[in-house]
Every structure is written in structure tokens, then in C-alpha cells.
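Take a look at the structure set out below.
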Amino acid sequence: MKRTVMYITVYALLIFFIPFFVVSFYGNMPKPQTELSKNYIKQSETKLGKKPYKIKSYIVSADEVREYELEDYLVGVVGAEMPASFPDEALKAQAVAARTFIISRIMADKGDVSEHKGAAVCTNPAHCKAWKSTEELCAAWGDKAEENLKKIKTAVKATENEIIVYNGEPITAVYYSMSGGKTENAADVWGGEVPYLKSVASGFDENAPNFNSEASFTFDEFKEIILKEAPDAVFGENPAEWFSDAALSEGGGVMSIKIGGVEFKGTKIRTMFSLRSHNFTVAPVGDKIVFKVKGYGHGVGLSQWGSKFLADSGKSYIDILKYYYTGVEVVKQ
Ligand SMILES: [Zn+2]
């Protein structure tokens with residue numbers, strides 16, 4: 001009998017104290033960054049106003065600034081940036097990344113970006129994010145117009161008002177078509193450390209169409225392009241000796257390479273020779289200089305094809321975003 005009383009007392013004490021242990025244990029853990037910072041909330045009230053948020057965009061094709069509801073504008077961005085045939089979770093990841101990118105642009109907007117003619121964003125994909133009107137999208141989709149539009153609207157609606165944050169602030173949610181097998185550190189491509197834009201493995205990108213590409217130039221064509229940028233470059237008899245000191249990033253991109261004794265950034269070479277990415281090798285093959293290139297785009301942040309493959313393997317859009325953007329949270333604002 002005594003023993004029973006003792007057990008009951010011990011149980012009672014345990015039941016009473018366990019919640020205190022749990023609370024005090026978790027209370028001391030670092031808080032997950034699931035909340036928007038006070039600073040952001042204050043600034044967003046001024047910059048974004050009340051929901052539904054409005055956005056001004058400079059529509060390049062029409063050469064005018066137009067105002068849209070942000071969520072409607074996003075349908076045009078997602079439709080222009082990602083194939084509608086991609087799985088729903090990839091489209092949702094794209095919608096949240098695009099929304100975050102645009103919001104961070106609005107927050108930074110001082111109305112002084114000359115390309116924007118007073119708007120916060122523009123529709124030039126090389127400058128901001130691509131965008132197409134519903135009419136343009138449907139014309140391009142043909143028979144599939146109704147189905148595709150519904151799919152994209154659903155992806156935007158399902159993630160309404162959701163953005164990606166790091167330390168409670170919206171991130172610069174950059175993305176591109178496919179990596180060269182690993183994504184790039186922002187610092188290696190643009191300079192400047194960004195804690196959430198770190199190199200991660202993205203090997204499944206190799207299954208994307210045209211993952212490998214080549215670009216060939218005759219010796220004369222090649223020399224002409226280089227000499228235009230670097231008149232001091234010296235080309236000897238043996239083309240194999242034109243190239244030296246290639247330095248690669250963690251993501252596998254060419255950070256720098258010497259050509260004819262002159263150092264170039266890999267990203268600069270990409271632009272000069274219109275390569276699909278700066279993840280390349282270059283060497284003479286027969287009577288040509290041949291670039292062998294992997295992936296498509298700058299390689300920093302989210303890989304769109306990688307997102308497709310992750311979605312195909314059962315990952316959610318949150319999994320995908322957290323995979324490509326290190327240490328972030330997705331929050332509803
Ligand atoms: Zn722009």
C-alpha cells in the first residue's frame with residue numbers, strides 16, 4: 001500500500017514538473033526566424049501600404065509604367081519565368097521566390113532606377129524579372145492556354161502573401177534555369193557575402209535538357225573577341241598555351257582565367273562569347289577554340305530545373321526554397 005502511494009506521488013510530481021522542464025528547455029533554444037522583423041513591418045507599411053498590395057512596373061514592350069495588384073502581376077511573372085508544365089510545387093516555389101524578389105525591390109525602391117522610369121520593377125528579365133500579360137501568355141500556350149493559366153493562378157493563390165525571409169527580412173530571391181551540378185556562392189559570382197546564397201549540390205540538374213552545351217570559334221574569331229576587350233593579349237603559335245591559371249569556384253564556375261596572358265573573370269567571358277553559363281572549360285579542338293559549358297544562368301540561388309526534379313521526387317515548395325536558400329524561413333506577411 002505504502003509503495004503504491006509512493007508511486008502515485010512520484011507520478012504526480014513528474015506530471016506536474018515535466019511541462020516546466022519542457023518549457024524551460026525550449027525557452028532557452030534560439031527562436032526560429034519565423035517572424036518578420038519590426039523594422040520590415042514598419043517600412044512595409046510605408047512602402048507597400050495595405051493589402052492587396054499594388055505594384056508599379058515599367059512594361060518594356062509597351063514603354064509605359066502600369067499599376068497592378070501584386071498577386072495578379074505575379075501570374076505574369078511565373079508564367080513568363082517557368083514552363084507551366086512544371087509540377088505544382090515547383091511553380092509554387094517560383095511564385096514565392098518571384099514575390100519575394102519583387103517585394104525586396106519595392107522596399108529598396110527610391111524611384112531613381114533609370115531603367116524603371118519611376119516604377120519599382122521592370123519586365124526586362126536581364127534586369128528584374130520577366131513578365132508577360134495574360135494575352136501574351138495565352139497566345140504562346142495555344143490549346144493549353146486555359147489549363148496552364150489555371151495552373152499558374154492556383155500556384156500563386158496557394159502561396160498568397162508568402163515571402164522568404166532571413167533574419168526577418170525578405171531575401172534577394174535570385175534564380176536561374178539550371179546549375180552546372182552545384183549552385184554558386186553569391187560572393188564567388190558577384191562579390192559580397194550573402195549568408196543565404198551559398199553553394200549547394202544540385203546534381204539532378206544534369207537531367208535537364210541542354211545541360212551540356214558547346215560554343216566553337218575559329219582562332220581568328222576567338223582572338224578578335226579577346227583583343228577587343230584586351231588589346232594587350234598575346235597569342236603565341238600554340239593555341240593550347242593561350243589559356244592558363246583557371247580558378248574555379250566552389251560551385252564549379254570559372255572565377256578567373258588568363259587568356260593570352262590577360263586575366264578575365266569567368267562571368268565576363270560568358271558575356272563576351274554568349275555562353276549559357278560561366279561553368280565552362282575552354283581548349284583548342286582541331287582548328288577551333290571550343291567552350292564546353294554546363295548549366296544555364298548565373299547559378300546563384302534557386303535552380304528552376306532543380307526545383308522541378310525536387311518536386312518530382314515529392315518535395316514541397318517549402319522544402320525546395322529551404323534547399324536552395326540556406327537558413328531561410330517562409331512566412332505569410
Ligand atoms: Zn528592372
Which of the listed residues, THR46, GLY181, PRO195, is farthest toward the dipole's positive end in the chain, when Lys, Arg count +1 and Asp, Glu count -1 at the beta-carbon? THR46
Thinking of the range 87-225 as a set of Cα atoms, what percent of all their pairs are more than 18 Å apart? 71
Distance check, please: which entries in LYS117/LYS198; LYS157/LYS315; LYS42/LYS182 exceed 29 angstrom between their Cα atoms? LYS117/LYS198; LYS42/LYS182
The range 175-239 to the range 316-332: how many Å between their Cα centroids? 27
Whole-Å distance, taken between Cα centres, linking the range 132-174 and the range 79-107: 5
Can you tell me the equivalent ellipsoid semi-axes for the range 212-294? Use √(5λ) from the Cα gyration tensor, largest first, whole Å. 18, 14, 12
Could you work out how far apart the two model spin labels at ASP245 and GLU136 are, taking each label as a point 7 Å from the Cα in the direction of the beta carbon, and quote it in nm? 4.3
Rounded to the nearest 0.05, what FRET efficiency do ALA283 and ALA187 give with R0 = 30 Å and r taken as the Cβ-Cβ distance? Could you check? 0.60
Sorted from largest to smallest, which semi-axis lengths in Å does the alpha carbon gyration tensor of the chain give for its equivalent ellipsoid, taking the root of 5 times each eigenvalue? 45, 29, 20
If you keep only loop residues by DSSP, which GluC sites (Glu not before Pro) in the range 248-333 have at most 16 other Cβ atoms within 10 Å of their Cβ? GLU250
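Bear in mind that the values in this text are calculations on the coordinates, not laboratory data. Remember, predicted model here, so these are calculated numbers, not experimental data. Quick reminder, even Gly has a Cβ in these numbers, built from the backbone with ideal geometry, and neighbours come from all protein chains shown.
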